[in-house]
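K.L.:
The structure that follows is given in the form of C-alpha cells.
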C-alpha cells in the first residue's frame, strides 16, 4: 500500500498526486499539517518535516522529493503502457 504524506496547497505534492492518479494507483493520502497526529507519524518514519513523503509499505521504501517519488512510481508501480514517451504531449482526451 502506498501512503502519501502531503499538504493540499503544496505544488510538489500536487505533482505527485497527479502521477498517482495518472497511473491509477491506490494510495492513502495523509494530510500533514503542523501539530497534527499525521505529521507526528511522518516525523517518526522519515525524521524530516518535509512533504511530499511517500511510504511504500509493500516494498519498505520511504522517499522525499517529488521528482524522486515520481521516478520511483514510474519505475516500480506503473504498468508498462502507462510510462510516458520522452516527448509525448501531455493532454487530456476530450470524450
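K.L.:
Arrange 62, 1, 42 by Cβ neighbour counts within 10 Å, fewest through most, would you? If you can, show how the numbers build up before the last one.
P.N.:
On the way: 62 16, 1 9, 42 23.
If I rank by nearby Cβ atoms, fewest first, I get 1, 62, 42.
K.L.:
Where does each of 73, 63, 45 land when they are ranked from fewest to most other beta-carbon atoms within 10 angstrom?
P.N.:
If I rank by nearby Cβ atoms, fewest first, I get 45, 63, 73.
K.L.:
Same structure, new question: Taking the number of other C-beta atoms within 10 Å as the exposure measure, put 70, 41, 28 in order starting with the fewest. Could you put the intermediate results ahead of the total?
P.N.:
Details: 70 21, 41 15, 28 11.
Going from least to most buried by this count: 28, 41, 70.
Every read-out reported here was derived from the displayed coordinates using simple, explicitly stated rules and does not represent laboratory data. All values derive from a computational prediction rather than experimental measurement. Ideal geometry is used to build each Cβ from the backbone, glycine not excepted, and the neighbour counts take in all protein chains shown.
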